[in-house]
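Here is the structure we will look at.
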Amino acid sequence: MATAPYNYSYIFKYIIIGDMGVGKSCLLHQFTEKKFMADCPHTIGVEFGTRIIEVSGQKIKLQIWDTAGQERFRAVTRSYYRGAAGALMVYDITRRSTYNHLSSWLTDARNLTNPNTVIILIGNKADLDAQRDVTYEEAKQFAEENGLLFLEASAKTGENVEDAFLEAAKKIYQNIQDGSLDLNAAESGVQHKPSAPQGGRLTSEPQPQREGCGC
Amino acid sequence: MAEGSGEVVALPASGAANGLSNGAGGTSAQPNNPLSRKLHKILETRLDNDKEMLEALKALSTFFVENSLRTRRNLRGDIERRSLAINEEFVSIFKEVKEELESINEDVQAMSSCCQDMTSRLQAAKEQTQDLIVKTTKLQTESQRLEIRAQVADAFLAKFQLTNEEMSLLRGTREGPVTEDFFKALGRVKQIHNDVKVLLRTNQQTAGLEIMEQMALLQETAYERLYRWAQSECRTLTQESCDVSPVLTQAMEALQDRPVLYKYTLDEFGTARRSTVVRGFIDALTRGGPGGTPRPIEMHSHDPLRYVGDMLAWLHQATASEKEHLEAFLKRVTAPGVEENIQEVVGHITEGVCRPLKVRIEQVILAEPGAVLLYKISNLLKFYHHTISGIVGNSATTLLTTIEEMHLLSKKIFFNSLSLHASKLMDKVELPPPDLGPSSALNQTLTLLREVLASHDSSVVPLDARQADFVQVLSCVLDPLLQMCTVSASNLGTADMATFMVNSLYMMKTTLALFEFTDRRLEMLQFQIEAHLDTLINEQASYVLTRVGLSYIYNTVQQHKPEQGCLANLPNLDSVALKAAMVQFDRYLSAPDNLLMPQLNFLLSATVKEQIVKQSTELVCRAYAEVYAAVMNPTNEYKDPEGILHRSPQQVQALLS
């Protein structure tokens, strides 16, 4: 019945970072609930959501930590980078200042996560193309220079939101496959579960007829 | 017939014999002549149509080959001879037939007697087997009845008993795995146990009771086995990721019917996860990520806020994950109180990390990193208490209690530190600086206060929770500060004292004004400032009056009573003295700023200074107005009063404003 959602082989931990008001919580909400949250309150500290996705036939559970963008929470949110397998670095394509701050976010992310953490740059609010303040090419170049994945998305229309989370997961999965991500190390941000269900296995040994009391 | 045919046979012969004479006889027809009649008859005979005649003729032609007289005469004999031969042949043939028939008759006769015999024998046999048949029929019905009973019994067994496989599934071995089928069998046992109640209502009570008892026993055995399996399964859940298999969730669903076993299994799960979380926490503290990135949390122990924040964030994440694992573990449990169970077990799981956490935070706090840091740590603890209680609920879990304890401890040490600071202020009260500005102790304390309040403002503690802290912080710092200022000002002159106090209070007020929840304090400070302002205003007014020589005159005018006689006669109040004072007063009117008290220039706030000048000037005007009224009053017997005081109060006011 409802057993399916729990049959996943990996747990990936994500964090979402970026300036205040770029739509981090809305992206998460769109991804987990498939709905746009119109008047999203400021995040206090951190919040988190989960969803199960499928990459190359493997079910993966994403545990996503959505951090507050406000400067006053920096001290708190910094502590959540630890052990993230993926980081979504979000800016607002209609506000250049949020793009300009990316390098500081990137520095934080590089310093506080492990070297294998996959960072994806997301230009949010792609639906507001008329008010665009940062060009696609420019951001694309920034991403390439820094070895980041890059997408423009819209939490409002849902465009590319799914892809943003999936692309990062694919990259992480690929890292696992080619062995560059060591699952046995602590705080890799990935937890592997042996997929063979232990209780369901068939046994070849014949069971003795009776044991204990007979009634 | 035989005769007829004889005649027919004879006729052709005569016809043929008479054929030649036909013509002659026909012409002389005599109708009533028998011969002619016969002739007619013959003539009318149509040989073509008479088949018998034709046959006869044909037969004749086979042997009558030679038409001669002799043969014609012998014809009859020939024919008769032939007929005889034919008949003889007939007889001999029929004789055979007859013999055959007779033998057949004999056979039939034999058969008949044989049948007779058989019939009688059958009759006898029938009579003999009658009994047997009755018996057989009886047995047959008996057998049918038994068959039906067997079916009923089978159906009964199928409904109220388990198959062997099911039995062995339920009893199983101690270490054998539990599979889906186990739960099906367990469901059957439950079903039977329920259904058997029907039997109790019928007259099959004994069977009902027995089955019930049997099922109950079986159920207990099965639950016992399930419990042991689930328990050992839980013990293996010690990886960082927690793989809750579908069968295990099913086991929990089944075990919820046995609250004690259910609870023990939950406990086992909790214990396994608990040690996992502790291990993970210690790893994060001391080992960090792969290759040391992220660095172990303890690497940041020199930065108390980061250190404490990292630990709490780790625990926050771990708590959230553990709750998820539990939700997966118990997702099929439908009994009420699952939420409480989850909270309780999360509480149990996170209990293990409390000691290492407590030891470390205590270390940080007791090292007294300074009031501001203490306050920040205290707020951080409060925030995490709030955040984590969102996951584990408000039940008194040890983790929350520990965080709360640490919060209280940090707060206590923080206030201790503030109080210590405050009492140090009182220990060595400095003299006010010569410029009557805020003392260095005051500045220092206000800086501290500002930092504390600023960190409070930027803390993650929800708004309403902050207010209570504020009152305490303010009373802890501001009250001793006010005391210190008062003590340090106590040895000064009135104007110096008031100026110093106004300056100090003003500094406090501007510091506080930047923060929320300070309205009450601000109001109180404003009142105190105003009290000291009044002093300064009075001081300034009397300073002016004294300097221009109106002080004595004004006092005398104020205290003068009619029975003392007219003012002009009082000493020092004569017109000469008044005129001299007016000269001074005029000088003041031309340059009022020259007569400001030196202390007023030390005032930090220009607005305050302006206010003092303005209000003291009004006082001076009022004093002059009173003196003027007295002088103009005829009862005071001044001659030429306008010559003495040549400026009206309105003029004075206009000049000074």
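Please treat every number below as a calculation from the coordinates, not as lab data. Note that the structure is predicted; figures quoted are calculated from it, not measured. Positions of Cβ are backbone-derived with ideal geometry, glycine not excepted, and every protein chain shown enters the neighbour counts.
What to note about this one:
- Gyration tensor verdict on region B:478-656 (Cα atoms; rounded if a/c is under 1.5, prolate if a/b is larger than b/c, oblate otherwise): prolate
- Take the Cβ atoms of B:Ser103 and B:Thr136, set R0 to 41 Å, and the FRET efficiency comes out at 0.35.
- Averaged over peptide B:310-320, the number of partner chain Cβ atoms lying within 10 Å of each residue's Cβ comes to 4.
- Mean Cα-pair separation over length for chain B, i.e. relative contact order, pairs under 8 Å, 6 or more apart, %: 7 percent
- Projected label distance in nm at B:Thr494 and B:Phe63, using a 7 Å step from Cα toward the beta-carbon: 20.3 nm
- P(r) weight above 19 Å for region B:76-160, C-alpha pairs, percent: 74 percent
- Pairwise alpha-carbon distances in region B:248-365 exceed 19 Å for 51% of all pairs.
- Annotation: amide H of A:Asn124 within the under-5 Å range of A:Tyr91, A:Asp92, A:Ile93, A:Ala153, sequence separation 5 or more or interchain, hydrogens built in the peptide plane.
- The length gained by stretching the chain between B:Ser92 and B:Asp50 to full extension, at 0.36 nm per residue less their Cα-Cα distance, is 11.9 nm.
- For the peptides A:64-73, A:30-39, residues were scored by their other Cβ atoms within 10 Å and the scores averaged per peptide; the highest-first order is A:64-73, A:30-39.
- Loop-located trypsin sites (Lys or Arg not before Pro) in region B:589-657 (DSSP state not H, G, I, E or B) with no more than 13 neighbouring Cβ atoms inside 10 Å: B:Lys639.
- Shielding by partners - mean other protein chain Cβ count within 10 Å, residues of A:68-79: 5
- Quarter of the Cα convex hull surface for the protein assembly as shown, i.e. its orientation-mean projected area (nm²): 107.2 nm²
- Each label was represented as a point 7 Å from its Cα along the Cα-to-Cβ direction; for B:Ser113 and B:Glu339 these points are 11.1 nm apart.
- When each of the peptides B:251-263, B:341-353 is scored by the mean number of other C-beta atoms lying within 10 Å of its residues, the order from highest to lowest reads B:341-353, B:251-263.
- Contour excess over end-to-end distance, with Cα ends at B:Asn74 and B:Asn569 and 0.36 nm allotted per residue: 154.7 nm
- Sites B:Arg279 and A:Glu33 - FRET efficiency at Förster radius 25 Å, r taken between beta-carbons, to 0.05: 0.15
- Taking Lys and Arg as +1 and Asp and Glu as -1, the other residues whose beta-carbon sits under 11 Å from that of B:Ala441 total 0.
- Cβ neighbours within 10 Å from other chains - mean over B:212-223: 1
- Nearest-0.05 FRET efficiency for A:Arg132 and B:Asn194, computed from C-beta distance (R0 60 Å): 0.30
- Qualifying GluC sites (Glu not before Pro) in region B:66-172, DSSP loop, other Cβ atoms within 10 Å at most 11: B:Glu66
- Considering only B:Gln615, B:Val108, B:Thr445, and ranking their Cα positions along the charge dipole of chain B that arises from unit charges at the beta-carbon of Lys, Arg, Asp and Glu, the one farthest toward the positive end is B:Val108.
- Loop trypsin sites (Lys or Arg not before Pro), region B:129-196 (other Cβ atoms within 10 Å of the site Cβ: 14 or fewer; DSSP): B:Arg174
- Between B:Arg287 and B:Gln239, the simple label model (points 7 Å from Cα in the Cβ direction) yields a spacing of 1.5 nm.
- Relative contact order for region B:478-656: 25 percent, from Cα pairs under 8 Å spaced at least 6 residues apart, divided by residue count.
- Environment charge of B:Val627, counting only residues whose C-beta is closer than 13 Å and scoring Lys/Arg +1, Asp/Glu -1: +2
- The mean sequence distance of close C-alpha pairs (under 8 Å, at least 6 residues apart), as a share of the length of region B:237-412, puts its relative contact order at 26 percent.
- For region A:68-125, the Kirkwood estimate of hydrodynamic radius, built from reciprocal distances between every pair of different alpha carbons, is 11.9 Å.
- Environment charge of B:Ala541, counting only residues whose C-beta is closer than 12 Å and scoring Lys/Arg +1, Asp/Glu -1: 0
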